[in-house]
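The values are calculated or read from the model by the stated rules, or taken from the named source; none is laboratory data. Because the structure is a prediction, the values reported are computed rather than measured. Backbone-built Cβ (ideal geometry, glycine too); neighbour counts: all protein chains shown.
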Amino acid sequence: MKRPVIPFAASFAAAVWAALHNGVLALLQEYWLLSVSAAALIALCCFAIRKIRAVGSILCAGAILGLLFSGAYTHFLVRPVAGLDGKTFPITATVEDYAQVYEENQRVQVSFSAKDAGITGFHPRIHTLLYVPLTDTPLVPGDRITATVDFYTPTVLDGFARKEYYDANGFYILGSVKDDIGDTGELPAFSVEKATRAPIWSYPVRMAARIKSNISQFLPTREAGFLTAVLLGDKSGLQDTDQQAMKKAGLSHATAVSGMHIGFLVGFFYLLFGRKFGTIFSIAAILIFIPMAGASPSVIRAGIMYLMAAIGFCLGKESDGLNALCLALLVLLLANPYAVGSVSLQLSFAASLGLILFSRRIKIWVMQPLQKLPRWFKKVAGFIADGLICSVCALCFTAPVLFSAFGYVSLLAPIANLLTVGIIGVVFVLGLVTAAVFSVCPPLSILAANILTPCIDYILGIAYRVSAIPFGLVYWDNLYGKLALLCCFAALILIAVQPKRIKMWLALSPVCAILVVLCILGVHAEAHTATISFLPSGFGQTILLADGQRDGFDPILIDCSASGHRDAALATQSWLEWRCMDNIDTLVLTAVDKTHARSVPELLQNVPVGRIIIPQNVRESEISAQIQETAAQEGVPILTWDADGEQPLPTCGDSFQIYLSAAVDRKLVVRIQAGEEDILVLHSLTQKMLQALLDKQPLQAETIVLSESNLSDARMVYDAMDILQPQTVILQSGYSTLDTLCRKPVRNTMLEGEITFRIRQATAKE
């Protein structure tokens, strides 16, 4: 067999994924008879046909080795480190990267001897992320930290599976420097020994920090943050609104260093030194650039593939793209099999697979009718075709990963990429060169800044304009969008295969017609879909309701508060921008306290609000005074709701109806009815208030919304649940990981992140 790496890598990766995801193994165990029968049938086929037998043998070998390797890796390398969870002991660690500084502490990547943790065997050193106190001087690679550390396993937070994320990056345990006073009355020792000489391994990291510092000196803040993200993948300086616009426009890959950036770098060296010497210099540049960019799976994959192509060129042999892709996958999984769960790795390999399998064949087919046209016209057409074909191929292959990880796919990516890919290349090359030589030739940066600033503003402008196109996002529950993506995929396969007996344009015509019809139906369905979103708010609450993406129906907001690291006002703005909306029609505050209204003053200053509804008899407090003052400044009327029974809130739109009740003093109870959904919001009530309300006015609902504080008294909880009879509970949780309550399923914002109900208007209650 000519390319055994391809089937071996595929089966190896599949086996590693199965071994590390218990759900798959449990499924195989449950249907063991079917699994054994299928394996026997495959084995019989492999022995029946010689060619299949060779492929089958390689597939079986890859699967067996994948299972054995992942099991051994977990047993010998991961479990000993993960076993440090809950332990506290002193360590002396070496700083491996620059610290990420927060208001009260800082997080830094370190490594320490496994002997400090009492681990012997295959672990010479343990790598972890450590939260340490703020220091007078910045921590730099090579510094040594001595501290007493509490080790812990990261948990799910706002729907983000932190453990899986950190495992994929090689951090199997996290730590925090112990800062509480012990029995002796003294704080544990924390000291930093500054490095006298920079270690050789730290040079790429230090170079990246120098480049980041230089960029901030010759570019404005917004443009500097964007360029740093493009060059190094560091998004800490990228504005939230810019980042969201790029996500909607399908341009996120520009700030996630990957094959495109490696291609820009290689192209620059080819342009300067030609193919022969450019290849030699580019190899050294890429080996330095990979650690500078954070050594993410996407940039490592691209680096390995290019290095194979470069070595092949030097040896006079042509590299096979699919073979190189599979070899890169093997290298990454051998280094860390847990990387198979990395979304970055999955997106990078899916996009590359689509380009390798289809882009070249499709371009040949597209360019065939243009062979007799002028040369300049073919170059322009080829550039446009490259942008569209690559974007569509990558979109089709990454769609399953995007749906699984984020729940949506941006269909706007081909448009945005076509308009920006050339400018992104200019920004990358010119920005990298300018940042590298800034210290040597500062005047050059003035000229470069005058070129880079309008280029970056152009890219961001395109991102905002494209993202403002309504109905550009396809969500997982949008059947028409998924069918449209399948049609695109079918068209790619049809063009790539190109049967000679089929007239291609005749074959593609019905596919295109179906695609247009599906897009129209999808747009119509999205326009008539209402959404009810519960944002992750910790101990607070933020609920947003939108009556479809249509003019004249502004969203309604119920409460606006969050705790911890969350910002409810910023989250609300992002939610509005994501849906191409600008205003809030009505803000309902179920209680005027910090748990429900903490972020209201900030929201009023940044988002137009039509009116505010508050409960009666609100007590004077700092937050109530701030709300009244800010509302008066912004000209927002405040209305008091005093109806004891459930009364409808007028002008709510066509898809849902809201009922408010002031049956509890200083609190509002909210009922939301939309389609088949009947949601009762009881978040603002204490347990005693809820019990008193239910004694006076028994309520029932399909779904109830509670806070974590409602769960402190188990007896009251059972009594309330017995009266309310909900089918589902939505828990706005600070730290609780509860997933069932009184045998009823619980949807927890901490575990799921944003919880959204989507309701078609055709099924809404009148």
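A few comments on the model shown:
- Close pairs from the range 700-717: first without any contact (Cβ under 8 Å) to a residue 40 or more places away in the chain, partner among the β-branched types (Val, Ile, Thr) and outside any strand (DSSP E or B), Cβ under 9 Å, at least 6 apart: GLN700/ILE723; LEU706/VAL717; ASN710/THR686; ASN710/VAL717; LEU711/VAL717
Listed here are the residues, each with its yes/no results for (1) without any contact (Cβ under 8 Å) to a residue 40 or more places away in the chain; (2) in contact with a helix residue (DSSP H, G or I) (Cβ under 9 Å, 6 or more places away or on another chain); (3) surrounded by 16 or more Cβ atoms within 10 Å (Cβ to Cβ); (4) outside any helix (DSSP H, G or I).
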{"position": "ALA328", "(1), (2), (3), (4)": "yes, yes, yes, no"}
{"position": "LEU333", "(1), (2), (3), (4)": "no, yes, yes, no"}
{"position": "SER359", "(1), (2), (3), (4)": "yes, yes, yes, no"}
{"position": "LEU373", "(1), (2), (3), (4)": "yes, yes, no, yes"}
{"position": "GLY382", "(1), (2), (3), (4)": "yes, yes, no, no"}
{"position": "VAL392", "(1), (2), (3), (4)": "no, yes, yes, no"}
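- Taken residue by residue, the range 155-163 has at least one member that is at pLDDT 85 or above, within 30 Å of SER733 (Cβ to Cβ), out of contact with any helix residue (DSSP H, G or I) (no Cβ under 8 Å at 6 or more places or on another chain) and in a helix (DSSP H, G or I).
- Per the listing VAL205, VAL230, VAL257, the residue uniquely under 26 Å from the mean Cα position of the chain (by Cα), buried (at least 20 other Cβ atoms within 10 Å of the Cβ) and not in a helix (DSSP H, G or I) is VAL257.
- Odd one out for GLY461 among (1) closer than 30 Å to SER410 by Cα; (2) in contact (Cβ under 8 Å) with a residue 40 or more places away in the chain: (2)
- ILE290 vs. criteria modelled with pLDDT of 85 or more, closer than 26 Å to SER70 by Cβ and within 21 Å of the chain's Cα centre (by Cα): no
- Among the residues listed as VAL192, VAL140, the single one being in a loop (DSSP other than H, G, I, E, B) and within 22 Å of TYR98 (Cβ to Cβ): VAL140
- Every condition in (1) modelled with pLDDT under 90; (2) closer than 24 Å to ASN214 by Cβ; (3) touching a helix residue (DSSP H, G or I) at 6+ places or on another chain (Cβ under 8 Å); (4) not in a loop (DSSP other than H, G, I, E, B) is met by PRO443 except one, and the failing one is (3).
- Meeting the requirement of 3 or more residues that are at pLDDT 55 or above and surrounded by fewer than 15 Cβ atoms within 10 Å (Cβ to Cβ), the helices (runs of 4 or more DSSP H) wholly within the range 1-83 are 32-48, 50-73.
- Out of ARG125, ARG107, sole residue that is within 23 Å of the chain's Cα centre (by Cα) and of a type outside the set (A, V, I, L, M, F, W, C): ARG107
- Among the residues of the range 464-487, some residue qualifies, meaning at least one is in contact with a helix residue (DSSP H, G or I) (Cβ under 9 Å, 6 or more places away or on another chain), farther than 30 Å from ILE514 by Cβ and surrounded by 15 or more Cβ atoms within 10 Å (Cβ to Cβ).
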